[in-house]
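Visitor: Dropping the structure in here first, questions after.
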Amino acid sequence: MKFILVSSVAVCSFVFGQNVPSKLIPAKDGLHADFMRFEKDRPAFQGSPVLFDEASQRLSQAQGRKLGFEKDQLGFETHRFQQTIDGIPVEYGMMAVQTKDGKIVGESGKWIVKTPKNLEKSAKNFRKHRFTECNGICRG
């Protein structure tokens, strides 16, 4: 009986001890949450924003281009990102990630999570066409 109780507590600790935001302003249709704050169990900052799936309660890494970095006197670092799809910047797709001691404290901004399937194909075709048009020397 003790084994069942101990293993139940361990499983609950694992499931509920995951990196779940302590404060979350829920997402609007097709967008990521506008604001997330982590009080406990902060996720490690791995160089890009994290996205929180409200349905599965899981975090995943986002793809974006780093735009800037600032550090304040209290040791908080703010990393600014622009969302990209296949290397093409997404208009208004911006996220600020605030970290301290290598852990994410919070995030705010707009990030599109539900992109139409044909948009990614269009982005790939655009990049292919632009590369051909510029004879392979264009950037961006």
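Visitor: Could you work out how far apart the two model spin labels at Thr78 and Lys23 are, taking each label as a point 7 Å from the Cα in the direction of the beta carbon, and quote it in nm?
Guide: Output for this residue pair reads 1.5 nm.
Visitor: Under a crude label model (7 Å from the Cα following the beta-carbon direction), how far is Asp41 from Tyr92 in nanometres?
Guide: Between Asp41 and Tyr92, the simple spin-label model gives 3.3 nm.
Visitor: Remind me, relative contact order of the range 23-107 in percent, using alpha carbon pairs under 8 angstrom and six or more residues apart? Mind showing how you got there, number by number?
Guide: Details: 155 pairs, mean separation 22.2, N = 85.
Contact order relative to length: 26 percent.
Visitor: How much accessible area per residue does the range 17-106 have, counting only protein heavy atoms and a probe of 1.4 Å, in square angstrom?
Guide: Numbers: 5250 Å² over 90 residues.
Normalised by residue count, the accessible surface of the range 17-106 is 58 Å².
Visitor: Also, I was wondering about something else. At what distance in nm do the modelled label points of Asp34 and Val113 sit from each other, each positioned 7 Å from its Cα along Cα→Cβ?
Guide: About 1.6 nm, to one decimal.
The values are calculated or read from the model by the stated rules, or taken from the named source; none is laboratory data. Note that this is a predicted model, so its numbers are computed, not measured. Please note: Cβ atoms are built from the backbone with ideal geometry, for glycine as well, and neighbour counts cover all protein chains shown. Surface areas here come from the heavy atoms of the whole protein model, side chains and all, with no ligands, DNA or RNA. Shrake-Rupley method; radii C 1.70, N 1.55, O 1.52, S 1.80 Å.
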